[in-house]
Amino acid sequence: MTAPSRAAGATFLGHPIGLAYLSFAEAWERFSYYGMQTLLVLYMTKQLLLAPHVDRILGFGPFRAFLESAGPMTPVALASAIFGLYAACVYLTPILGGLLADRVLGRTRTVTLGALLMATGHFLMAFDVSFLIALTCLLLGVGCFKGNIATQVGELYAPDDLRRANAFQIYMFGIQIAVIISPLVCGTLGQKVGWHWGFGAAGVGMVIGLIVYLSARRHLPPEPPLRRKAEAGAPKAPFTPRDVRAMIVLVALLPVLAMAVVGNQQIGNAYLLWGDAHYQLEFFGKTMPVSWLMSLDAFVSAITMAGSLVFWRWWATRRTEPNEITKLTIGVVIAALAPLVLALASLQASGGHKVGLVWGVAFHVINDIGFANIFPVGLALYTRAAPKSLGGTILAIYYLHLFAGNLLVGWLGGLLDKLPGSTFWMIHVGLIGAAAVLLLLARAVAGAALAPEAAPEPEGALATA
């Protein structure tokens, strides 16, 4: 039975009913993931990495020695390094999850395994001793779950079904709603009631996501056969010189993009610690949990992403729309201004004064306008410019800039308690600004290698011109 025939019955907003189940399941997975991530650095710096809790963590001695190979770390630096390593590896494990689904278990079993691992990881966060085991379960679970459930969304549609793009917009909208809500629920429980209540709520969310996913199975198309061995005799299209140039430029841009996203990726790490210390978070006698800043960012991000889309459509009706690398450069220049806002706020907060949350709103608005023209535009660039035979591989390679960026964020976060806030955030301004300069150079030197290929002239075009 094909996907379209299964879609002939119940529908959801004009789409196969399976889209509703998959979107809802993924929304719960993102609820659990971002709920946990919101609390991670706060939990480590305020409890877990302090005595006697840190002495109870199984295997933490060798792990700490590895992280401190360059020298001893304060609890803030150690927490930042752990967060950076965790956030970075989130972009590696989906590669393993894809291989496991394609060659061993199939997508349904792999997604189910991922959900079980993530739920287990959230619940294990309730105990000091199992902290590293919990992070390992979460990383492996995300790897099994995330990429494979998105693939199943695409499989609901025939190759020529134009509803596919709209389906992913609906799917992403559900994720965005979950990202807004999860810090409000998990963050409030963690900071106001108890850390483990927040992690427990994330675990419950993951269990709900698994139940929703398993309920979807009858609405999904049959899985493709497992690819245990590549077909050795299958012909492969040779790479053209343009393909080779494009791949070289795309790979060379990865470190530049890693520098470009440090301001955005720092939001879940050192920014929360800085905000907790420097923002005026008391309103009408009640203290707002700093974790709510993550919900603020998700809310602003949803608006700026839609606003960016509308703006460029409007621009295209009046002028020539810029290409991807030009948009990337514009986005990075804007993003560099966001940590500059925090540097200025740090100067105003010197002497122990707290600054109004209006500084935070300005930071999030500027950062999210920039990021709306970085991540999705980069995704469009890499999927278009990559050789068609390597489209999936190049997409996986694109995510490596987030792996490297989060490692860099983890190291930078360790400087928070060693440097004045203004200096700390100006380092981010410098890195993002340097990325903008490098993108300008890449546009001038290698822009032609990434330009769309001209469509071939139809036969007889010269004769009829």
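General remarks:
- Across segment 233-244, a minimum of one residue is classified as touching an Asp or Glu at 6+ places or on another chain (Cβ under 8 Å), surrounded by fewer than 23 Cβ atoms within 10 Å (Cβ to Cβ) and modelled with pLDDT under 95.
Yes or no, residue by residue, for (1) surrounded by fewer than 22 Cβ atoms within 10 Å (Cβ to Cβ); (2) modelled with pLDDT under 90:
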| site | (1), (2) |
| --- | --- |
| SER5 | yes, yes |
| GLY14 | yes, yes |
| ALA51 | yes, no |
| PHE60 | yes, no |
| GLY71 | yes, yes |
| THR74 | yes, no |
| ALA79 | no, no |
| ARG109 | yes, no |
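- Screening the candidates ILE180, ILE208, ILE175 for the property of being under 28 Å from LEU39 (Cα atoms), at pLDDT 95 or above and out of contact with any Gly (no Cβ under 9 Å at 6 or more places or on another chain) yields one hit, ILE208.
- Hey, ASP368 assigned by TED's automatic domain parsing to the domain that holds MET305, not in a helix (DSSP H, G or I) and not small (Gly, Ala, Ser) or not: no
- Matching residues, segment 129-140, being in contact (Cβ under 8 Å) with a residue 40 or more places away in the chain and crowded, with 17+ Cβ neighbours inside 10 Å: SER130, PHE131, ILE133, LEU135, LEU138, LEU139, LEU140
- Summed over segment 297-310, residues that are surrounded by fewer than 19 Cβ atoms within 10 Å (Cβ to Cβ) and modelled with pLDDT of 90 or more total 2.
- Cβ pairs under 7 Å, 6+ apart, first in segment 275-287 and assigned to a loop (DSSP other than H, G, I, E, B), second surrounded by 10 or more Cβ atoms within 10 Å (Cβ to Cβ): GLN280/LYS354; GLN280/VAL355; GLN280/GLY356; GLN280/LEU357; LEU281/THR287; LEU281/MET288; LEU281/VAL290
- Meets criteria (within 24 Å of ILE82 (Cα to Cα), in contact with a helix residue (DSSP H, G or I) (Cβ under 9 Å, 6 or more places away or on another chain) and surrounded by 16 or more Cβ atoms within 10 Å (Cβ to Cβ)) for ALA201: yes
Results for (1) surrounded by fewer than 13 Cβ atoms within 10 Å (Cβ to Cβ); (2) farther than 21 Å from ALA87 by Cβ; (3) in the same structural domain as GLY356 (by TED's automatic domain parsing); (4) in contact with a strand residue (DSSP E or B) (Cβ under 7 Å, 6 or more places away or on another chain), shown as yes or no for each residue.
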residue	(1), (2), (3), (4)
LEU273	no, no, yes, no
HIS278	no, yes, yes, yes
LEU281	no, yes, yes, yes
GLY285	yes, yes, yes, no
TRP315	yes, yes, yes, no
GLU324	no, yes, yes, no
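The values are calculated or read from the model by the stated rules, or taken from the named source; none is laboratory data. Note that the coordinates shown come from a computational prediction; the quantities given were computed from them, not determined experimentally. Every residue, glycine among them, receives a Cβ derived from its backbone with ideal geometry; neighbour counts consider all protein chains shown.
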